[in-house]
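In what follows, a structure is listed as structure tokens, so that the remarks can point back to it.
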Amino acid sequence: MSTALPSLTSIRKNLRLYAKLQLVQIRAAIEYCGDFWIGILGAMLQQGAGLVFVTALFSQIPEVAGWTVWNIAILYGLTMLPKGLTELFCDGSWTLRGKVNSGEFDRVLVRPISPALQSATAIVSIHGLGQSILGIVVLWLGMARSDIQLHWWTVPYLVLIVLTSASMIGALNFVINMTGFWEPSAQSALPTMLALVIDFAKFPLDIYNAAIRTFVTIILPYAFISYFPALLLLDRDTAWKWLGLATPLVTLVVILFTSWLWNKGLRRYQGVGH
């Protein structure tokens with residue numbers, strides 16, 4: 001299989017197809033107004049439960065490892081916002097294991113559209129919109145109450161971090177679900193278990209042991225979506241804060257690895273009856 005980089009024309013074509021496919025999915029999702037609003041409200045309540053726990057914790061102690069409740073709100077916001085965007089615009093990877101297991105993935109391969117593009121746009125999770133909205137509110141409150149000094153680069157930096165973090169989460173979701181090419185059991189708990197690792201990004205790495213810090217920095221690098229950017233925003237007195245500038249680069253590495261693993265998975269897939 002060719003490993004040549006896609007041309008600019010091919011990229012533009014795929015982006016147009018992606019937008020059209022997602023528009024179809026979004027239209028279908030909002031067709032039922034009640035389900036639409038229930039999905040948004042449900043996501044906000046689900047994520048809000050975690051915030052209630054944090055608030056209760058900090059009602060008893062002023063800070064944890066030097067982080068106040070509003071500092072941790074920044075971590076929550078930086079995690080929830082891109083995760084919500086990923087669920088809204090690129091949640092189809094969670095259908096991949098089921099399609100591989102049932103043989104439905106054969107249909108994906110015979111269509112004249114990129115299999116990765118079809119997989120990414122297979123579903124739209126409206127609850128991601130609710131999570132994104134709550135993420136914006138929590139991030140704004142955290143930054144306002146943490147007395148962060150705003151610079152000319154603060155807003156552009158936040159936009160860049162959120163967009164690249166969403167891309168990283170989407171790519172990692174593909175990696176997590178591509179285990180189905182090697183272990184196609186539809187009932188495997190491994191993808192869900194690995195996806196829950198992102199919850200570590202909602203708290204400072206300082207509270208974890210060395211094994212967890214290494215795992216969420218190198219193996220599944222969720223630390224680059226919240227912890228390191230927060231260090232930079234808060235201007236913490238540590239050299240680690242400059243890793244907050246590495247998020248786009250780490251995202252690129254994750255995407256390239258995902259692309260390589262995807263090609264390996266496609267070559268391994270044998271279809272129904274083999």
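Every number in this text was worked out from the coordinates using simple rules, so none of it is lab data. Everything quoted here is computed from the prediction, not taken from an experiment. Here the Cβ positions follow ideal geometry from the backbone for every residue, glycine too, while neighbour counts run over all protein chains shown.
Annotations for the structure displayed:
- Electrostatic bookkeeping for Leu134 treats Lys and Arg as +1 and Asp and Glu as -1; over the other residues with beta carbon under 14 Å from its beta carbon, the sum is +1.
- Convex hull (Cα only) mean projected area of the stretch 65-207, reported in nm² to one decimal: 10.1
- For Thr68, net neighbour charge (Lys/Arg +1, Asp/Glu -1) across residues whose Cβ lies under 12 Å away: -1
- For the chain: relative contact order, % (alpha-carbon pairs under 8 angstrom, 6 or more apart): 24
- Net charge contributed by nearby residues that have their C-beta within less than 13 Å of Leu234 (K/R +1, D/E -1): -2
- Within the straight-line cut-off of under 19 Å between alpha carbons, the lysines reachable from Lys83 are Lys202, sequence neighbours fewer than 8 places apart in one chain being disregarded.
- Listed residues Leu196, Leu249, Ile212: farthest to the positive end of the dipole of the stretch 172-274 (Cβ charges): Leu249
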